[in-house]
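**Student:** Here you go, one structure.
What follows draws every value from the coordinates through simple rules; no lab data is involved. Every value quoted in this text rests on a predicted model; they were computed, and no experiment measured them. Methodologically, a virtual Cβ is constructed for each residue, glycine included, from the backbone with ideal geometry; neighbour enumeration extends over all protein chains shown.
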Amino acid sequence: MTTHPQPSLAGSLSSMSEIQQPPPGAWRLRDVAAHLEIKPDTVRAYNTRGQMPPPDGRDDYGRPWWHPSTIEGWQRPGRGNRSDRRGHPKPKAAPERG
């Protein structure tokens, strides 16, 4: 009876520890959502539709990440941008004509 060598998992496990991570302080989709006070699925949809700034990088799995300054300078799409939810004053109503 001939025995066949079993494949080693050592090589695949060691490569898992070498996965590139974003730099400290970088934001993932869930961090962007928390900052904007919206659901992560909304941010994911913006990213899928190309409505977000390009990612500052991607990890080895292809997941995007951004520097906080990239997101803070971005005007997100949406119904009225809901800037009142982030502590900005509400815009003043236009004066009535008449």
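**Student:** Which residue, chosen from Pro55, Val32, Val43, occupies the Cα position most advanced towards the positive end of the dipole of segment 21-76, where the dipole is computed from +1 (Lys, Arg) and -1 (Asp, Glu) charges on Cβ about the Cα centre?
**Tutor:** Sorting the options by dipole projection puts first Val43.
**Student:** Which ordering of His67, His35 is given by a fewest-first count of other beta-carbon atoms within 10 Å?
**Tutor:** Details: His67 17, His35 14.
The fewest-first ordering by Cβ neighbours comes to His35, His67.
**Student:** Give the dimensionless ratio obtained when the Cα radius of gyration of segment 21-76 is divided by 2.2 N^0.38 Å. Provide the component values of the computation, followed by the final result.
**Tutor:** Details: Rg = 10.2 Å, N = 56, 2.2 N^0.38 = 10.2 Å.
Segment 21-76 yields a ratio of 1.01.
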